[in-house]
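Taken together, the values in this text are just the output of simple stated rules run on the coordinates, not laboratory data. Note that the structure is a prediction, hence the values are computed from the model and not measured. Glycine also receives a Cβ, built like all others from the backbone with ideal geometry; neighbour counts cover every protein chain displayed.
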Number of protein chains: 2
Amino acid sequence: MMTRVVRGTASETSSPGQGGRPIGVFDSGVGGLTVLHELLVRLPREDFVYLGDTARFPYGERAPREIERFAAEIAEELLARGAKLLVVACNSATAAALPSLSRRMMQTTLGLDVLGVVRPEALQAVASTRSGRIGLLATPTTVSSRAYEQAVHTVDPHVTLHAVACPDLAAVIQAGEQFDERALATVREACRPLQDAGVDTVILGCTHYPLISPMLQRMLGPQVTLVSSGAALARQVEHALSTRELRNPRTEGEGEGEYRFLCTGDVEAFRELGTRFLQMPLGEVEHVELAAVEAVA
Amino acid sequence: MMTRVVRGTASETSSPGQGGRPIGVFDSGVGGLTVLHELLVRLPREDFVYLGDTARFPYGERAPREIERFAAEIAEELLARGAKLLVVACNSATAAALPSLSRRMMQTTLGLDVLGVVRPEALQAVASTRSGRIGLLATPTTVSSRAYEQAVHTVDPHVTLHAVACPDLAAVIQAGEQFDERALATVREACRPLQDAGVDTVILGCTHYPLISPMLQRMLGPQVTLVSSGAALARQVEHALSTRELRNPRTEGEGEGEYRFLCTGDVEAFRELGTRFLQMPLGEVEHVELAAVEAVA
């Protein structure tokens, strides 16, 4: 079914207690670090291993089948690193690959859970809205996938979702221009239809957008609730770990867990950009070559 | 009583409705921009004029009488720019100069309100704690002033305040090192006594500290509530404006208010550093020479 070389050390793959294993998090690049950021804050006793597939960034324009294959390759790598749960911290990968990846991981010996970014946000947005009018800011690919619409309507079919596709916003943020006049103009344009629609809750449907949440909050006004992937997802990860009895046994006195980083592209570029996205020091970044998988389930 | 040249234009000093005038905010440097940031988010329809006294930064080691005089000079400048309310977005200036500045401003024709950073935070911390054990992170000067202790005990004499003086933290953050290993070590050391004391609420008693709140939240754990100057103060400013009928009459359809910046030192340095602290574009920064005041009330 697949060809790969296991890279994890013996101790990593044969740790005695399952809870002591790290949580695996991946994204096409650095955007998912805003999700990791919330996970680190909410789950300070857990270890994390983050993989950014920067060599193949961005995923936005790729075919769903290709993204499924990439996600399977990354999952195998994280599995070899001892991951006890997988988090897909990327909207495109969640939309394209979550179902197939979940099936694949359930067949592993551990029966690994896979959690993605779309559903937790949709749930939290429906729980937050009082007017029944929810806004969505996302990339064109994510908007056309209608993944958020489906997720929202599964929970409440009577809620209206006003989606705004933002072609440039993630690029503006990734280029480090999030605090300049161009960002201001881009954000103002994106917010106008949401203001006209009178939404009271806005989903940040791209992992880059939390970096401009002050600007968004100012444009939309203090009465609008912003929902981002990280905070909503972190709660679900916490529940999943508790249900599966996979919480890290580390106690408060033993300090925080460890986090480490892998990327498929340039490690220095990842570290520089990543520090800004994570808002914490990254430490060492390891370059990794992913083994090809022959087919996806 | 004082000698000064009025620099505001005629239209600025003779605006017909009082509500249309800007809110004046000042600090010894850029730290107060984290307070402005919260004010912009909470009060998006208001105009703001911010003055950073960067030529005389930092205030921390100066005598209270000197800080009183600086604050009076800045207040006169902001008054000339049409300010309808003053916010002291600086812990040292609040501790040293708030009472004298309030008296001075109450004697002006407008009877200007002056709000500082210490009391709103103390109030919010007391409202937030369930264990009755509150932590404080602040500069050595602020800790020795006992201003937070007094403010907390005025509201609830049975609450315990565990104060930690952080000599280096503001400097580490101002130097742009908030995401590196040195910051991590400094923050870890500052948090340890608060963890040992079992506090459930921590006051960020310096306007620089919100820039490292993710790191603090991770060290202290998700069960600890962080209270920062900006959010607590913004609510009090909102209440003051409503009570005085000084809300800006601008409607939602008219967009957000304007904000502009003055500083007494190098404008380019202010703009570069300020953008990081404000997390929004700063636009033009104007150099300003403050006129000396002869005495303080």
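Below is a table of values for the structure above.
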read-out: Environment charge of A:GLU238, counting only residues whose C-beta is closer than 14 Å and scoring Lys/Arg +1, Asp/Glu -1; value: +2
read-out: Point-charge dipole on Cβ atoms (K/R +1, D/E -1) for the stretch A:191-270, about Cα centre, debye to 20; value: 260 debye
read-out: Global form of the stretch B:159-297, assessed from the alpha-carbon gyration tensor, a/c cut-off 1.5; value: prolate
read-out: For q = 0.12, 0.20, 0.23 Å⁻¹, Debye-computed log10 I/I(0) when each Cα of the stretch A:31-100 counts as one equal scatterer; value: -0.32, -0.87, -1.11
read-out: Shielding by partners, peptide A:215-221 (average Cβ within 10 angstrom, other chains); value: 5
read-out: Mean projected area (nm²) of the alpha-carbon convex hull when the stretch B:74-218 is viewed from all directions; value: 9.5 nm²
read-out: Residues A:THR160, A:THR129, A:THR142, sorted so that the one with the fewest Cβ neighbours within 10 Å comes first; value: A:THR160, A:THR129, A:THR142
read-out: Fully extended contour minus Cα-Cα distance, from B:ALA185 to B:GLU284, at 0.36 nm per residue; value: 32.0 nm
read-out: Neighbour-count ranking [beta-carbon atoms within 10 angstrom, fewest first] of B:ASP266, B:ASP27; value: B:ASP266, B:ASP27
read-out: Cα-Cα P(r), the stretch B:84-161, percent of pairs per 10 Å interval; value: 18, 44, 28, 9, 1
read-out: Neighbour-count ranking [beta-carbon atoms within 10 angstrom, fewest first] of B:VAL143, A:VAL126; value: B:VAL143, A:VAL126
read-out: Relative contact order of chain A, pairs being alpha-carbon contacts under 8 Å that are 6 or more residues apart, as %; value: 29 percent
read-out: DSSP loop GluC sites (Glu not before Pro) with at most 12 other Cβ within 10 Å excluded, longest remaining stretch of chain B; value: B:62-244
read-out: Base-10 log of normalised Debye intensity for chain B (one unit scatterer per alpha-carbon) at q = 0.07, 0.16 Å⁻¹; value: -0.25, -1.32
read-out: Net charge contributed by nearby residues that have their C-beta within less than 12 Å of B:GLY31 (K/R +1, D/E -1); value: -1
read-out: Kirkwood Rh (inverse of mean 1/r, distinct Cα pairs), the stretch A:218-297, angstrom; value: 16.8 Å
read-out: Local electrostatic count, B:ASP53, Cβ distance below 12 Å [Lys/Arg +1, Asp/Glu -1]; value: -2
read-out: Backbone HN-Hα couplings from phi across the stretch A:162-169 [Karplus 6.51/-1.76/1.60, Hz, Gly and Pro as x]; value: 9, 9, 10, 7, 10, x, 9, 4
read-out: Rg/Rh for the protein assembly as shown, where both radii come from Cα atoms and Rh is the Kirkwood radius; value: 1.00
